[in-house]
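Please read the structure below before turning to the comments.
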Amino acid sequence: MIQFAHKEILWFLLAAGLMIVGYMLYWRHRKRSMVKLGDNGLLEELMPDASRWAMHWKFMLLFTGTVLLIIATSGPRIGSRLQEMEHKGREIIVALDVSNSMLAEDIKPSRLERSKQMINRMVDRMSNDKIGLIVFAGDAYTQIPITDDYPSVKMFLSGAGPDMVSKQGTAIGSAIHLAVRSFSSEEKGRVAGESVPSQAIVVITDGENHEDDAVREASRAAEQGIKIFTVGLGDPNGVPIPLSPGSSATRRDRNGNVVVSKLNEKLLIEVATEGRGAYIPGDRINSLIDDLDKLERVELKSRVFAEFAERFQYFAGFALLFLVLEFFLRSRKHRLLLRLNLFKTDE
C-alpha cells in the first residue's frame, strides 16, 4: 500500500494541471497570430528550421517532469510489513455508567457529560498505555476493546449515552466482570497486594447498583492483581432525573412520583476497598490520574507499520531525466538531422 509522508504537497498537482490549460491557450493564441501574418505555407518556407512537434515534446517533458517532481517531494513510500513493537505501559479499562440516572444535572452539564470530560483528560495524559471502554446500565457491553488508538477512544466516547443499553439499571458487578476478561494480557503468578499491578479498572458511576454483587466481583478482580478505582458522581441527597438531556421534564414512577437519583458513596467505597484501589469523588479527577500514574509499567505489544520502503528516489530520478531532456531539446530542427534524409532517392 502506497502512503505519502507529506500528503498536502499533492495539492500542487492541481497547479500542474493548469499548465495544460495554459499551454493550450498559448498555442491557440500563437496560431491566430500566425494567421494574421500571412499564408501558413508561405510562413513555413520563411521559417524552415521551426519545429512545431519539438515545442509539443518540450512541453510534455516539462509537464511530466513537474508532476513526477511533485510526487517525489510528497514522500511516496510503501509499508513493507506489520511489525510488533514493544514498549512499557499500562492497561486501563474504563467502565462508564450510561444509565438514565447519569443524565441528572446536579453536576453541570450533567453527570454523564462530566464523566466524558474526565475520561478525555485521562486519555490526554496517556502515553504508550492501552485503554478500553465499557458502557453499562442494566447490562455491560464493550464499546471499544483495549487499544492504544486514542482518537478512536474519544470518538466512541462522544457517542456514549443511555440509548446504547436497552436494559436500564446499574450493573456495576457485570461491568467489572466484563472488564477483567477484556484485558489483552494476563499477569500470572502475582499475589494480590504483593506489588503495584499494571492493570486497572476505573468505574465511573453514581453508585446506584440494582443488579448484582459488585463488591464480590471487585474482590475477584483484586485476586488477579487488577486494581479497581471508583469515581462517584452526584448529590448524596438526590436530584430528579430529566427525561432527556437538557429537558425540564423529569422522570416519574408508575405512581406518578418524581424519580430521584442519589450518589451511593458507601457502595463505591466498598468496591474500591475490595479492589485494592481507591474511591475518588467526581471533583478530584487529578487525584485519580495521579493514582493511575503510580501503576507499574510493563512490556506491551502493538502491531504497527514499522518499516517503510521509500520510493521518492524513482520519481525524482525520472523527473530529473525529463527536465534535462527538455532543457537540451531545441525548439528548432537540428541542422545535422536536416542533412540526414533516409528516404532520399537518386534521380
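So which residues in region 300-338 are of a type in the set (F, W, Y) and either at pLDDT 75 or above or exposed (fewer than 13 other Cβ atoms within 10 Å of the Cβ) (or both)? Walk me through it before giving the result.
Here is the first cut: in region 300-338, the residues of a type in the set (F, W, Y) are 305, 308, 312, 314-315, 318, 322, 327-328.
Selection gives F312, Y314, F315, F318, F322, F327, F328.
Residues that are assigned to a loop (DSSP other than H, G, I, E, B), farther than 18 Å from E105 by Cα and modelled with pLDDT of 85 or more within region 232-272 comprise just one, N257.
With respect to the conditions (1) modelled with pLDDT of 90 or more; (2) within 27 Å of V203 (Cβ to Cβ), V67 lacks only one, and its number is (2).
Kindly indicate which of I146, I119, I134 is more than 19 Å from G282 (Cα to Cα) and either within 25 Å of the chain's Cα centre (by Cα) or outside the structural domain of P245 (by TED's automatic domain parsing) (or both).
Details: I119 fails: more than 19 Å from G282 (Cα to Cα); I134 fails: more than 19 Å from G282 (Cα to Cα).
Step by step, each of I146, I119, I134 is checked, and only I146 is more than 19 Å from G282 (Cα to Cα) and either within 25 Å of the chain's Cα centre (by Cα) or outside the structural domain of P245 (by TED's automatic domain parsing) (or both).
The values are calculated or read from the model by the stated rules, or taken from the named source; none is laboratory data. Remember, predicted model here, so these are calculated numbers, not experimental data. Positions of Cβ are backbone-derived with ideal geometry, glycine not excepted, and every protein chain shown enters the neighbour counts.
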